[in-house]
Each structure stands twice: as structure tokens, then as C-alpha cells.
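Heads up: the structure comes next, in C-alpha cells.
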Amino acid sequence: MNRKAAFLILFFLPCVFVKAQRVGSSPEYIKTLTADWKGERSADGRPKVSDAILNRLKNISMEEAWGVLRNKGYQNQYEGNWIVIREDSVMTGRVVTAQYMPSRPDLIKSVGDQGKAENRAQKGGTNSWPIDVLTNGDVYVADGYGKIADGTLIGDNLGNAIYAKSQRGVIFYGSVRDQEGLTEIKGFNGWIKGQDPSYIQQMMLTTINAPIRIGRATVLPGDVVLANKYGTIFIPAALAEDLVITSEVTALRDEFGHQRLREKKYLAGQIDSDWSEEIKKDFLNWLNQYPGKLPMTKKELDEYMKSRNY
């Protein structure tokens, strides 16, 4: 390579990379983050786990879901100690992420300019931008870095907008205002770290649909979330279906074991350890005669059991 060619490469190469950082992640970037997912995707690139799996996930316990993820090496997907607006409700959905930081004037300008280039709303605060991208089945998950006073990401107006677009609620590592008004939105729910009457101040949005941290958990756009009164767990989309059926079978195993213990057919140590061939056979026969409706189809169950040792 001659000197002139080398000079031109060195001169123009930085120009390829000198682009403004996006506020909203590109579909290509999201696809790279979630490359293990092979199914349908939303227009923004996020994995689109089916509504059927989201509905079945509502019946999975936090411990069962956590156990499956832990066995697959995902040990940082759970966060607890929430204030839950409606404790008796379970929420599942596809994650839209947002990250907030303490305000810094030069970065505020950069984010504002880039938001304008991305055709984001120029009236109102940037905390409305993540709401604008929500679709049915999405859950708005935000890292508000635990800020309570002056860190209220939404009030009841934005809460109504969120529910209208997503038919879901929010998970905020931060706070909200007008919690009383939020409780009046039928169907809306929220997992929050606090509430305060103040307005959001000295706080800025930095990214939408990029990786974020929610307490102990690392969360990606398109993750599936299970949220109930016992906490929140964020499930990689590619693992959601397997997690659901594995958890369903675990629940059936527990139901079978409890029944057989009540019947005094087996000793506690026999049920609470590796099962003998006799118990495995009994379990399979019990499944074939299950008195209620199984949570999965017979085909799904048969396929699952082929690769399992019980």
C-alpha cells in the first residue's frame, strides 16, 4: 500500500465512526444484542415473544423462573424489594428500556439535538419519549438510578398514556408522582422504589432500548418480564418458551410429589431427591391421567419429556 492510499484511509476512517450517539437504539443494534432470538421481531428490532407464552408465564412462580435461568448461567436477572401499586396483580410483557442520569447541560443539548434528528416530540419532557415507542404488550422499564424526590418519571397523565399504548404498566428503579391517581387507572400497575409529590428535576433521559441495570439485574430490550408481589425477573427472549414449559413441568412434579406424600405412597426422602425408576414411571402415568387441564399441549409435553430424565 502506498503512502497516499494509507493517508486517505487514516483521514476518512474516523469520519465513518463520527456519528451522533442515537437516543433510541437502531434495529440492527438490538438484533445484535439479542442474536440468540430466531423468531418474529417488532419493527424496532426487539424480539416478539408470543402473547401465548406471556399469558402462560403469569402462572409461573418467581422461584421456578429464577431456578431455570440460574441453571442456564443467568444469575443476575432478579430484583426485589419493590413498592407494587397493585400487589394482587401479575404482569408479563416485552421490555422497552430507558436510562436516566443526573442532568448535565452539554449532554442535555446533545440528547435534545439527536432526539430532534430522530423525529422525537419536541414539546414536553424527554421522559415522554420512551412512552411514544410503546406498543401493545410492552412494559416500560426504566433505570432512574433510585432517585425519589425530584426523580418522578411519571404521574397519572403519563400513566394513562402508557396504559393506552401498552395495556401494561411500568417497572422503575426510581419513583413516580400522584400514586393515588395511578391507582385509578384500571389495569395499570407499577413496580417502583418510591413515590413523591415533586416534579422531575435535574434528571435527563439518555437512551431508549439499550442495556440497562435495574438493581441486581441486567436488562436488555425485548427481554420478557415476569412481575408479581414477590419481585421482578427479566428473561432473555430466546429462553422464554423453554423457561415456561420447564417451570410448568416442575410445578406438575411438585403437585405429583405432594399428592403422593399425602397418600403416604413414598417417603419424603424419596420425593425430595433423585427419583427412582418406579417414581418416574408413576409420574408419567399420573400425567397421562391428569384430572385437570394441563398448562401445555400434549405435543409440547411429549417433546419436552423426550429430552428429560423423568
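The values are calculated or read from the model by the stated rules, or taken from the named source; none is laboratory data. Quick caveat: nothing in here was measured; it's all calculated off a predicted structure. Here Cβ is always computed from backbone atoms with ideal geometry, including for glycine, and neighbour counts include all displayed protein chains.
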Checklist entry - Within the range 254-277, can you find the residues that are surrounded by 13 or more Cβ atoms within 10 Å (Cβ to Cβ), touching a helix residue (DSSP H, G or I) at 6+ places or on another chain (Cβ under 7 Å) and not aromatic (Phe, Trp, Tyr)? => result GLY257, ARG260, LEU261, GLN270, ILE271
Item to check | Enumeration of residues in the range 192-233 that are in contact (Cβ under 8 Å) with a residue 60 or more places away in the chain and of a type in the set (Phe, Trp, Tyr) | outcome: TYR230
Checklist outcome for this item: For the range 119-135, the count of residues that are outside any helix (DSSP H, G or I) and either under 20 Å from TYR199 (Cβ atoms) or touching a residue at least 40 places away in the same chain (Cβ under 8 Å) (or both) equals 8
Checklist entry - With TYR173, TYR140 as the choices, which residue is touching a helix residue (DSSP H, G or I) at 6+ places or on another chain (Cβ under 7 Å), within 20 Å of ASP223 (Cα to Cα) and buried (at least 24 other Cβ atoms within 10 Å of the Cβ)? => result TYR140
Item to check | Qualifying strands (runs of 3 or more DSSP E) (wholly inside the range 189-300; at least 1 residues being aromatic (Phe, Trp, Tyr)) | outcome: 190-192, 231-235
Next on the checklist: Among the residues that make up the range 259-266, is at least one of them in contact (Cβ under 8 Å) with a residue 12 or more places away in the chain, over 22 Å from the mean Cα position of the chain (by Cα) and at positive phi?
Outcome noted: no
Checklist entry - Is it fair to say THR218 is modelled with pLDDT of 95 or more and hydroxyl-bearing (Ser, Thr, Tyr)? => result yes
Checklist outcome for this item: Considering residues that are in a helix (DSSP H, G or I), over 13 Å from PRO130 (Cβ atoms) and either touching a strand residue (DSSP E or B) at 6+ places or on another chain (Cβ under 7 Å) or in contact (Cβ under 8 Å) with a residue 40 or more places away in the chain (or both), the number found within the range 160-188 is 3
Checklist entry - Name the residues in the range 43-86 that are hydrophobic (A, V, I, L, M, F, W, C), in contact (Cβ under 8 Å) with a residue 40 or more places away in the chain and farther than 11 Å from LEU243 by Cα, would you? => result VAL49, LEU54, MET62, TRP82, ILE83, VAL84, ILE85
